[in-house]
Amino acid sequence: MNSDFLRLEGVNKSFSGVEALRGVSLSIEPGKIYCLVGENGSGKSTLIKVVAGVYPPDGGDIAIDGRIHKRLQPIESIHAGIQVIFQDFSLFPNLTVAENIALNQEISSNRRLVRWGEVKRTATRALGKINVKLDLNALAGDLAVADRQLIAIAKALLENARLIIMDEPTTALTQIEVRSLFNVINRLKQDGIAILFVSHKLDEVLQIADQVFVMRNGEKVLDQSAAGLDRATLARFMTGRTIEFDESQSASEPDQETVVLQVRGLTRAGAFSDISLDLHVGEILGITGLLGSGRTGLALALFGMLKPEAGEVTVRGKTARLESVPRAVRSGIGYVPEDRLTEGLFLTQAIDNNLVICIVDSLRGRFRLLDRGMLRRSAVDWVNRLRILASSVRMPVSSLSGGNQQRVVLAKWLAREPSVLILNGPTVGVDVGSKVEIHEIIRELGRRGMALLVISDDVPELMSVCHRILLMRHGRIVEEFSRSEFTEEAINRMLVLA
């Protein structure tokens, strides 16, 4: 007897003649954790939307409990027990935890009046299924990402979920929150619920998966038990080439005699307190800490977006007045934000316009008019130097993959030649090939003498690129690790101390 809950046979899907899925076949059994990996554009999102009934397949069969569907309507997929938790969680931020969880139940009940006691009992029962307690009266929009994710999972369980698809569920989570999520996923597995976990983070994939599907160019190229896989093998199938995971620091060491950025006693109540650090020529300094540790507040203060109440900052020996972003930029500080889509790019603008935005004044000719030829040459130069994959610099930057968008943000600041470049989550949401290449770009910038401040909760990432790592807790720097002291276990142990 076939035990598959979901089976796809030879599924195809095209958009305007471009094949997004080509003959994809796979099976999902109850009570197993599957991971779906692949680079941006590999077909992962299209596959999820076909299973969810959002896209009709152009060919092939979808079978749920043995019943074949040539296509699914979204409501049919939901009634069959398939729930998709997208990255935005599809919650109402202005509703409470209880209201978000019980909303669908209330609507389907057709009652004219809401029974608030029943709403809270329903939410409590759903959260109890994953052994989680949340303030039922708290607004969803006020909660941390990890808690909003738990609301989405509890809501899915009320719909009698048999397969829960999680799209990049750990992108904005700390390592502690990831471990908590994995505990919840394993509990769901024990209850016989299948999980399809979509992620770029190969270490997490190998940690949580029973079975791994790898997509490349719209095709499934690997379907194997996770027990026999490693990062290098996954990366090779994802990219079609061998990826070298070089965790060793480059041979060049920073110039310890020359301080580029000096911070003394920087303080802002409620954000960070008494921050002091030195950043040297050619040094890559990492800063890590849990959410709320003050690491992002510090970055924003150094870039003039959050005014400190006390302390002093100097760049190359000169006092930096950081009351605004323009002053920070004039002082020689650049900033690559974690959220490149809303903070780092003009998505509807062309690649070349994004690339030159920080140096536009230097591209003016006679009568202070913009020299379009010079602009285009500068943009093409940076596209080539950072190997940004684009058929034309006139393409909108929104058309690029996450990794190539991140390179555009990097190039934008490198064109400015800052003395200090702050990178906040430099590889968040990018695929494995781009991540390795961005790490090498960071190392190369250090070898050329740039001073870099890298802020991340990805401890292996910091260990791969940094000379030193500072650990923040409750707004203060509480620990420093030199390269000879780097161990993931030691840093993670210090991260979780109260």
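Name the residue from H69, L181, H474 whose Cα lies farthest towards the positive end of the charge dipole of the chain, charges +1 on Cβ of Lys and Arg and -1 on Cβ of Asp and Glu. Highest projection toward the positive end goes to H69.
Once you charge only the Cβ atoms, +1 for Lys and Arg and -1 for Asp and Glu, what is the size of the charge dipole of region 6-239 about its Cα centre, to the nearest 20 debye? Write out the running numbers ahead of the final one.
Values: 28 positive and 26 negative charges, 101 e Å.
Approximately 480 debye in magnitude.
If you take all other residues with their beta carbon under 15 Å from the beta carbon of N160, and give Lys and Arg +1 and Asp and Glu -1, the sum is 0. Placing unit charges on the Cβ atoms only, positive for Lys and Arg and negative for Asp and Glu, gives region 165-232 a dipole magnitude near 60 debye about its Cα centre.
Please list, by residue number, every one of the trypsin sites (Lys or Arg not before Pro) in region 284-335 that is coil in DSSP and has at most 16 other beta-carbon atoms within 10 Å. Before the final figure, lay out each step's value.
Values: sites: R295, R316, K318, R321, R327, R330; in loops: R316, R321.
When the trypsin sites (Lys or Arg not before Pro) of region 284-335 are filtered for loop state and at most 16 Cβ neighbours within 10 Å, R316, R321 remain.
Rounded to the nearest Hz, the phi-derived 3J(HN,Hα) couplings of region 57-67 under the Karplus curve 6.51 cos²θ - 1.76 cosθ + 1.60 (θ = phi - 60°) are x, 7, x, x, 10, 10, 10, 10, 6, x, 8, where x marks glycine and proline. The phi torsions of region 205-221, fed into the Karplus equation with coefficients 6.51, -1.76 and 1.60 and a -60° offset, translate into couplings of 4, 5, 6, 9, 7, 8, 9, 10, 9, 10, 10, 8, 6, x, 10, 7, 10 Hz, rounded to whole numbers, with Gly and Pro shown as x.
Near the amide H of G59, within less than 5 Å, lie the amide hydrogens of N12, all on another chain or at least 5 residues away, with H placed in the peptide plane.
Subtracting the Cα-Cα distance of W116 and Q87 from 0.36 nm times their residue separation leaves 7.6 nm of extension gain. Bridging of K155 to aspartates and glutamates at a Cα separation below 20 Å is possible for E76, D88, E99, E106, E118, D135, D142, D147, D167, E168, E177, D191, once same-chain residues fewer than 8 apart are set aside.
Kindly identify region 257-319 as rounded, prolate or oblate by the Cα gyration tensor criterion: order the square roots of the eigenvalues as a ≥ b ≥ c, call it rounded if a/c is under 1.5, otherwise compare a/b with b/c, prolate if a/b is larger, else oblate. Don't jump to the answer; show the numbers that get you there.
Values: a/c = 2.18, a/b = 1.38, b/c = 1.57.
Oblate, because a/c is 1.5 or more while a/b does not exceed b/c.
Look at the dipole of region 193-343 built from charges on Cβ: of G294, V313, S199, the Cα furthest out on the positive end belongs to V313. Specify the angular offset, from 0 to 90 degrees and rounded to the nearest 10, of the alpha carbon long axis of helix 175-190 from the longest principal axis of the alpha carbons in the chain. So the inclination is approximately 10 degrees. In this calculation the C-beta distance from S25 to R327 is compared with R0 = 51 Å, giving a FRET efficiency of 0.30.
Taking a ≥ b ≥ c as the square roots of the eigenvalues of the Cα gyration tensor, region 255-495 is classed as prolate, since a/c reaches at least 1.5 and a/b is larger than b/c. Taking a straight line from the alpha carbon of K220, these aspartates and glutamates sit under 15 Å away, with near neighbours fewer than eight places off in the same chain left out: E9, E19, E39.
So, in nm, how far is label E219 from label N12 when the simple model puts each one 7 Å beyond its Cα toward the Cβ? The answer from the label model is 1.4 nm. Close amide H pairs (under 5 Å, H built 1.01 Å from N) link I455 with I287, L423, N424, G425, residues at least 5 positions away or on another chain. Taking 25 Å as the limit for the C-alpha separation, the pairs K13/K129; K44/K201; K49/K189 exceed it in the case of K13/K129. Between the residues G446, G265, V409, the greatest Cα displacement towards the positive end of the dipole of region 255-495, with unit charges on the Cβ of Lys, Arg, Asp and Glu, is found for V409.
Counting only alpha carbon atoms, the long axis of helix 97-109 and the longest principal axis of the chain meet at about 30°. The angle between the Cα long axis of helix 145-158 and the longest principal axis of the Cα atoms of the chain comes to about 10 degrees, rounded to the nearest 10. Of the GluC sites (Glu not before Pro) found in region 270-318, those that fall in a DSSP loop while having at most 14 other beta-carbon atoms within 10 Å are E309. Each Lys and Arg contributes +1 and each Asp and Glu -1, all at the Cβ; summed about the Cα centre of the chain, the dipole is approximately 1340 debye.
Read the figures in this text as sums done on the coordinates, not as results from a lab. Note that the coordinates shown come from a computational prediction; the quantities given were computed from them, not determined experimentally. Virtual Cβ from ideal backbone geometry, glycine too; neighbours counted across all protein chains shown.
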